[in-house]
């Protein structure tokens, strides 16, 4: 329902066509992009219910709303090998009937109580989101409990969602960003689950059975791999029994299959033909995982190179100086089992090779020389100064609480993050630039008219 | 920076809310019925006007020490001179090219150094610029934004590459996307004579001719304090904004008297029209239909609200008529819905769409959509229950909109820039609540099949689904 309203050029270009974990990773990255002092409101409490459910809570009763975000570690990486798309399909079915309520009755109840419930599958986690008006806590958590613990998986909604998902996959078949994204993943990740599309393919989605869905749900929805973030007009004491109501009935231990560390291979060139006026370009190489000691340095490096501001090198060289593109971006993407670096743009087809040369040259320049003193100082100022912008809404904060826990970050992260950025030296950033951009070759994907 | 808001005409209050705002009033709920009493949106909003005519709206929200600072100009693509399509949006890009005292890049550098985010967008009826910053930097933002209200400097050296950027933006958003090409053609067909039929980003051959002189002429005509609305939302109160505004914007003299926004009236045709696009890039076919309907500004009291409720009854969620009948019961479609672009200066559009199941023709689906709409206007009017649920969904949107100061700023800005008032925003939920079921049926009668523009998005012949 929500429109992509603000249309920052980078955010739009970045998130579009990326799926699952990548989108979540981008969200993490962008929250990292944020002030000197975060926010008084963002004091995080660790709440443990009587039943042992842990949640991170930021209490704030300025508006009579509560935002609850949660996630189960696992995601599409837990899909059966021959059936990618199961987790994603499950995400469409949890609000389609649970307990005594069939699809229509469940939806009607959500509407009557103005409760919002949504789910999404990422590469490494399955995410859920509950929004409620603060005087309807009981009923909202009751509906959440039904969805999580007693989903019906009735035949009608399964067939309806299957048709809708296949329709979306068919549409993506001619979407340049979606094509580029898939080509990139298969080229880089080989046999690893990350090579498989989160949405599945038309064939695999057609083949997914109710048992596949129920089995995925049974294996991966458990207390052992659950993280919860809550923000809004609710106290710890109020929250505890509600946590037990929603999450208490889940099995204690998830049965996750082992996902191996990915060994991405870079350097290939992939092309797909699409009769568009533009050629869509995606490039990528090795990145860093979230707990790599150089991760934050790489994050700062990326901000200078092509992250989110109108002063990045790529923005200046590709867009401002030469007018080659409207959107040009780069990102460090920390998956659970691999770190990658991505960049992209879309440019007029007859100048695609020139644009690609500029991207490549800028990557090399950063790898060889790193940022200047001034660029580094400006980036620190921006990244620390803008952190407060991530805390002006409950939903925004709840999403961060979940990301932090999925990434095993400490509970005082909001208060220490800016100091970590301040402590970086130019040498740190140069070293990270070399590790990311100076060691592995680039994988290049282009999607456009065949003559380009 | 510099985004086109193709969707802007459908930024009704309702759809703005869908994105997330600050309701000052307490929200009451009736536990018996589960219904929600209509909240007052932005009950704590304050407004005043400076001596030079600049309207100011302040929406306090003290949850975080940040502010959203926006300036809305009451000018959009529908105000462009004939032959200069795209100039409103092109000027929006060029507003980042520097002024007499602050050369190109300085403002963006200051925003960035202070940890701020900035952007801008253009619609058919307005153009807006904003920054989000920690509250202590608000005065600086106001100073720079006031400066570029009057002192923009353009050179061919920065205008020409930026025109290329805009052409690439057009390719990316429009020419790369068959569904956007179809939507453009449908608007051109629906809005007979009216400039809403011209794409916001402009016709390609006209964009190619736009130059520095065109941009400055447009700027000098429309960018003046008496044609703008300043909106500040966040960790601040009205008194402080007033003081800062007088020190910054208050020093900008009136530069022009903007002309009345009178546009050619969109012609109404009782002739069904069809736009049929077959494109090799189409891999999922679909059909949509649009009708010319009143906007919040042109409608009789209550009629636009009824259209918003109708859009929910027909197309909001899985219990809506189009979804229930076409997707769940008749199994003709994999998805279906409807929406209404209410916040516009002039007559606007109502749209319904469907994506067929495999084996179902677009014509069959179109016919089924028309029958559902005709029944809603005729022998199967919306039930009290359907109307109540539709209102509940709209009211829930307003309640959840409380969570974002930026959304709040956008709702007030978009409404004031299209001729609405603060009271219009604040009382919108009550007016929705007051819509009678008969008015929703009457709204459906504004959508007769003969007046529809139908758009077909197809695979090329020979690639039809079996």
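A few remarks follow.
- Which listed residue is within 14 Å of chain B (Cβ to nearest Cβ), under 24 Å from the mean Cα position of the chain (by Cα) and more than 19 Å from residue B:117 (Cβ to Cβ), from A:379, A:352, A:388, A:398: A:398
- Every test in (1) part of a helix (DSSP H, G or I); (2) in contact with a strand residue (DSSP E or B) (Cβ under 9 Å, 6 or more places away or on another chain); (3) surrounded by fewer than 24 Cβ atoms within 10 Å (Cβ to Cβ) is passed by residue A:411 save one, and that test is (1).
- Some residue of region A:160-173 being away from chain B (no Cβ under 12 Å), under 16 Å from residue B:334 (Cβ atoms) and part of a helix (DSSP H, G or I): no
- Of all residues in region B:105-129, those that are facing chain A (nearest Cβ under 8 Å) and closer than 15 Å to residue B:409 by Cβ total 5.
- Against the conditions (1) within 30 Å of residue A:173 (Cα to Cα); (2) buried (at least 21 other Cβ atoms within 10 Å of the Cβ), residue A:440 satisfies every one except (2).
- Meets criteria (surrounded by fewer than 24 Cβ atoms within 10 Å (Cβ to Cβ), assigned by TED's automatic domain parsing to the domain that holds residue B:432, modelled with pLDDT of 95 or more and at positive phi) for residue B:324: no
- Residue within region A:116-132 that is crowded, with 20+ Cβ neighbours inside 10 Å, within 14 Å of chain B (Cβ to nearest Cβ) and in a helix (DSSP H, G or I) present: no
- Within region B:187-213, tally of residues that are assigned to a helix (DSSP H, G or I) and within 21 Å of the chain's Cα centre (by Cα): 7
- Of the helices (runs of 4 or more DSSP H) lying entirely inside region A:281-385, those containing at least 2 residues that are surrounded by fewer than 20 Cβ atoms within 10 Å (Cβ to Cβ) span A:352-369, A:373-385.
- Test: residue A:311 is over 28 Å from residue B:177 (Cβ atoms) and at the interface with chain B (Cβ under 9 Å from one of its Cβ atoms): yes
- Of all residues in region B:310-342, exactly one satisfies the criterion of being within 29 Å of residue B:267 (Cβ to Cβ), assigned to a loop (DSSP other than H, G, I, E, B) and within 13 Å of another protein chain (Cβ to nearest Cβ), namely B:341.
- The test for being part of a helix (DSSP H, G or I), within 29 Å of residue B:58 (Cα to Cα) and not assigned by TED's automatic domain parsing to the domain that holds residue B:422 holds for residue B:221.
- Residue satisfying all of: in region B:343-364; away from every other protein chain (no Cβ under 12 Å) and part of a strand (DSSP E or B); surrounded by the most Cβ atoms within 10 Å (Cβ to Cβ) among these: B:348
- Residue in region B:157-173 that is assigned to a helix (DSSP H, G or I), under 30 Å from residue B:447 (Cα atoms) and under 24 Å from the mean Cα position of the chain (by Cα) present: yes
- Residues of region A:386-404 that are more than 23 Å from residue A:226 (Cα to Cα) and part of a helix (DSSP H, G or I): A:387, A:388, A:389, A:390, A:391.
- In the set A:35, A:19, only one residue is within 12 Å of another protein chain (Cβ to nearest Cβ), under 30 Å from residue A:316 (Cα atoms) and at pLDDT below 95; that residue is A:35.
- Qualifying residue in region A:231-247 (condition: buried (at least 17 other Cβ atoms within 10 Å of the Cβ), closer than 30 Å to residue A:143 by Cα and under 22 Å from the mean Cα position of the chain (by Cα)): yes
- Of all residues in region A:81-92, those satisfying the criterion of being out of contact with any helix residue (DSSP H, G or I) (no Cβ under 6 Å at 6 or more places or on another chain) and assigned to a loop (DSSP other than H, G, I, E, B) are A:81, A:82.
- Region B:130-156, subset part of a loop (DSSP other than H, G, I, E, B) and buried (at least 20 other Cβ atoms within 10 Å of the Cβ), residue farthest from the other protein chains (Cβ to nearest Cβ): B:149
Conditions (1) under 23 Å from residue A:121 (Cα atoms); (2) touching a strand residue (DSSP E or B) at 6+ places or on another chain (Cβ under 7 Å), marked per residue:
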position: A:201; (1), (2): yes, no
position: A:213; (1), (2): yes, no
position: A:216; (1), (2): yes, no
position: A:232; (1), (2): no, yes
position: A:239; (1), (2): no, yes
position: A:273; (1), (2): no, no
position: A:278; (1), (2): no, yes
position: A:293; (1), (2): no, no
position: A:306; (1), (2): no, yes
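- Across region A:174-210, the number of residues qualifying as out of contact with any helix residue (DSSP H, G or I) (no Cβ under 7 Å at 6 or more places or on another chain), surrounded by 18 or more Cβ atoms within 10 Å (Cβ to Cβ), more than 14 Å from chain B (Cβ to nearest Cβ) and assigned to a helix (DSSP H, G or I) comes to 6.
Residue-by-condition table, conditions (1) touching a helix residue (DSSP H, G or I) at 6+ places or on another chain (Cβ under 8 Å); (2) more than 14 Å from chain B (Cβ to nearest Cβ):
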| site | (1), (2) |
| --- | --- |
| A:267 | no, yes |
| A:275 | no, no |
| A:288 | yes, yes |
| A:292 | yes, yes |
| A:305 | yes, yes |
| A:326 | yes, no |
| A:331 | yes, yes |
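- Checked against (1) in contact with a helix residue (DSSP H, G or I) (Cβ under 9 Å, 6 or more places away or on another chain); (2) closer than 30 Å to residue A:373 by Cα; (3) assigned to a loop (DSSP other than H, G, I, E, B), residue A:440 passes all but a single condition, namely (1).
The values are calculated or read from the model by the stated rules, or taken from the named source; none is laboratory data. Predicted, not measured: the structure shown is a model, and the values here were computed from it. All Cβ positions, glycine included, derive from the backbone under ideal geometry; neighbour counts span all protein chains shown.
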